[in-house]
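Student: I am attaching a structure below and will ask some questions about it afterwards.
Derivation of every value follows stated rules applied to the coordinates shown; laboratory data play no part. Quick caveat, the model's predicted, so the values are computed rather than measured. Please note: Cβ atoms are built from the backbone with ideal geometry, for glycine as well, and neighbour counts cover all protein chains shown.
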Amino acid sequence: MMDEAGVDPRDQLKRVLRLPDAVFLVVASVIGSGIFLTPGAVAALLPHPGWILAAWLAGGALSLAGALTNAELGAMFPRAGGDYVYLREGVHPAAGFMVGWLGFGVIYTGTIAAVAAAFAEASVISLGWSPDWVLPLAIGVTVLCSILNYIGVQWGALTNNVTSVVKLAALCAFAMLGFALGEGSWERLMAPAEGAASGVTVSSFALAMSPVLFSYLGWNATVYVASEIRDPGRNVPQSLFLGLGLCTAVYLLINVLYLYALPMAELRGVQDAGTATATRLFGGAAAVAVSLFVLISIFGTLNATVMVGPRIAYAMALDGLFVSRAGRVTSAFQTPGTAIVVQAIVSTGLLVVLRSFPSALEFTTFAILLAGVADVIALFALRKRQPDRPRPYRAWGYPWTPGLYCLVCAGLALSLGLQKPMESGVALALVLCGLPCYVALQRRSLVI
């Protein structure tokens, strides 16, 4: 149920987020653990610095293609829920439910589990604690971020803004000082890894894109909170493009720094490329400072992810397709409190099952690619079924750009499914579990 502007009159969330808040939500969602913890895995799969930079550039380009699609959809339907709303309106309520189930139950809860695990693993290493502390610490930081977002969207937005400014300033300073004062070598950007195969196969590049795409996760964060953004027809598209542009530029800059500082043999498989680079360029004291910054950065991403995910469950609950209380806004804080609590519970369950960062990464990336395909299907369907609906922004390059984005996402999902069958299979199984739930909800006309 929506008015002509695409706004759901049942939605009680307030429009309090400005354009800078929306841009920094994207930055906070994207720049977190990925830029520090995944470059070693990317380098282990690709034999030459040129291919590594190409993978990170391809991740930014693919995300931009997705942003073009989401910019049109988000400006057309400026409400909570993101692609749940687009598939429901463009294809069928069942399709909307399935992608909403995918987004909330797999992508966002899986991302929270992955980022919380990364935070805990990095903390345990920095503090010299026993690995037995990883799981309790990951659960604890998940609960903390959930509390912050429960007590008010503006508290969550303020945390995002502060951590985003710190991230951007610190990463740029790290790179500039590293190039100016560190003892690296530009020749390393031209030297392949010793003993590595000379060529790159389609499967190895596709597998390398998994950690890259995970590192870009969050570029579409603002479409899920569109009902809380002022002037969404203008600010939703701008926040996607500005936020993603900043993140892509920083990612390329920092990867050039890694390659400048570390020989390929050292970069390949390193757990924390940021700390290893700081140690090589500036010594142990700098490594301690970078380790602390890594924790702040990961915490900022975790907080932003916790903010976004509950809006999917909230939108589904408004349509009677989720726990009914999840569609209510807390009177004291004006936040979807029940949805935040449910998300925290599911994320904690995934932490217990997956436990480690790498497993959660593959699990989540497979689901992200499926959601990318769904977004394009919604765009094409809405262009055909609702051609006269107002569109404050129209996707550039339609139909070729979104079509190419859809094909690439489908191809990468297939490749990842073949190479990581366990993690992809768990994600697909959770998605398919949504079908009987939808049927039951429709038949009984009530919620679980």
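Student: Would you mind ranking V200, V294, V353 by Cβ crowding within 10 Å, fewest neighbours first? If you can, show how the numbers build up before the last one.
Tutor: Numbers: V200 18, V294 25, V353 12.
Sorted ascending by nearby Cβ count, the order is V353, V200, V294.
Student: For the chain, build the charge dipole from Cβ charges (+1 Lys, Arg; -1 Asp, Glu) around the Cα centre, then report which of S29, A378, L253 sits farthest towards its positive end.
Tutor: After comparing all options, I get A378.
Student: Still on this structure, I have one more. Tell me, what is the percent relative contact order of the stretch 1-156, built from C-alpha pairs under 8 Å that lie six or more residues apart? Walk me through the numbers on the way to the answer.
Tutor: Numbers: 76 pairs, mean separation 27.8, N = 156.
After rounding, I find 18 percent.
Student: Further question: Say R0 is 25 Å: what FRET efficiency, to the nearest 0.05, do R230 and H92 get from their beta-carbon distance? All intermediate terms of the calculation are to be shown ahead of the outcome.
Tutor: Working: r = 32 Å, r/R0 = 1.26.
Step by step, r from the Cβ atoms, then E = 0.20.
Student: So which aspartates and glutamates can K384 reach, going by Cα to Cα under 16 Å and dropping same-chain residues fewer than 8 places off?
Tutor: E72, E89, D375
Student: Which of the listed residues, G274, I296, A332, is farthest toward the dipole's positive end in the stretch 265-333, when Lys, Arg count +1 and Asp, Glu count -1 at the beta-carbon?
Tutor: Going by the Cα projections, it comes out as A332.
Student: On to the next question. So, with +1 on the Cβ of K and R and -1 on the Cβ of D and E, and no other charges, what is the size of the charge dipole of the stretch 369-432 about its Cα centre, to the nearest 20 debye?
Tutor: Working: 7 positive and 3 negative charges, 70 e Å.
Computed charge dipole of the stretch 369-432: roughly 340 debye.
Student: Here's something else I'd like to know. Show that you can apply the helix-only estimate: for the chain, add -39,500 (n - 2.57) for every DSSP H stretch of four or more residues, divide by all residues, and state [θ] at 222 nm to the nearest 500.
Tutor: Result for the chain: -23500 deg cm²/dmol, rounded to the nearest 500.
Student: On to the next question. About the Cα centre, and with charges only on the beta carbon of Lys, Arg (+1) and Asp, Glu (-1), how big is the dipole of the chain? Nearest 20 debye, please.
Tutor: On the way: 25 positive and 22 negative charges, 200 e Å.
Computed charge dipole of the chain: roughly 960 debye.
Student: Another question about this same structure. Over the chain, one equal point on each Cα, no solvent: what is log10 I(q)/I(0) by the Debye formula at q = 0.06, 0.07 Å⁻¹?
Tutor: -0.23, -0.32
Student: Between helix 400-419 and the chain, what is the angle of the helix's C-alpha long axis to the longest principal axis, kept within 0 to 90° and rounded to the nearest 10?
Tutor: Once rounded, the angle reads 70 degrees.
Student: Also, quick follow-up: Mind pulling the angle between the C-alpha long axis of helix 49-76 and the longest principal axis of the chain? Nearest 10 degrees, somewhere in 0 to 90.
Tutor: 20
Student: Using the Cα centre of the stretch 126-270 as the reference point, and only Cβ charges (+1 on K/R, -1 on D/E), how large is the resulting charge dipole? Debye, rounded to the nearest 20. Before the final figure, lay out the partial values.
Tutor: Details: 5 positive and 7 negative charges, 66 e Å.
Result for the stretch 126-270 is approximately 320 debye, rounded to the nearest 20.
Student: Have a look at L418, L430, P390 and report the one farthest towards the positive end of the charge dipole of the stretch 383-441, computed about the Cα centre with Cβ charges (Lys/Arg +1, Asp/Glu -1).
Tutor: Comparing the listed Cα positions along the dipole, P390 ranks first.
Student: While we're looking at this one, here's another question. Mind checking the angle between helix 421-432 and the chain's longest principal axis? C-alpha axes, 0 to 90 degrees, to the nearest 10.
Tutor: Helix 421-432 and the main axis of the chain meet at about 10 degrees.
Student: Taking the number of other C-beta atoms within 10 Å as the exposure measure, put S424, S210, S239, S185 in order starting with the fewest. Numbers along the way, then the final one.
Tutor: On the way: S424 23, S210 27, S239 33, S185 14.
Fewest-to-most Cβ neighbours within 10 Å comes out as S185, S424, S210, S239.
Student: Taking only the alpha-carbon atoms of the stretch 1-149, what semi-axes of the equivalent ellipsoid follow from 5 times the gyration tensor eigenvalues under a square root, in whole Å, largest first?
Tutor: On the way: eigenvalues 216, 102, 44 Å².
Its equivalent ellipsoid spans semi-axes of 33, 23, 15 Å.
Student: Give the aspartates and glutamates reachable from K167 as a straight Cα distance under 19 Å; neighbours fewer than 8 places away on the same chain don't count.
Tutor: Hits, sequence-local ones excluded: D21, D272.
Student: Please report D132, D21, D83, D319 as a ranked list, fewest other C-beta atoms within 10 angstrom at the top and most at the bottom.
Tutor: Working: D132 9, D21 24, D83 30, D319 21.
Taking fewest neighbouring Cβ atoms as first place, the list is D132, D319, D21, D83.
Student: Ratio of Rg to Rh for the stretch 154-305, alpha carbon only, Kirkwood? Can you show the working numbers first?
Tutor: On the way: Rg = 17.7 Å, Rh = 17.4 Å.
With Rg and the Kirkwood Rh in hand, the quotient comes to 1.02.
Student: Would you mind getting the Kirkwood hydrodynamic radius of the stretch 203-257 from its Cα pairs, rounded to one decimal in Å? Write down the numbers at each step before the final one.
Tutor: Values: mean 1/r = 0.0781 Å⁻¹.
Taking the inverse mean of 1/r over all distinct Cα pairs, the stretch 203-257 comes out at 12.8 Å.
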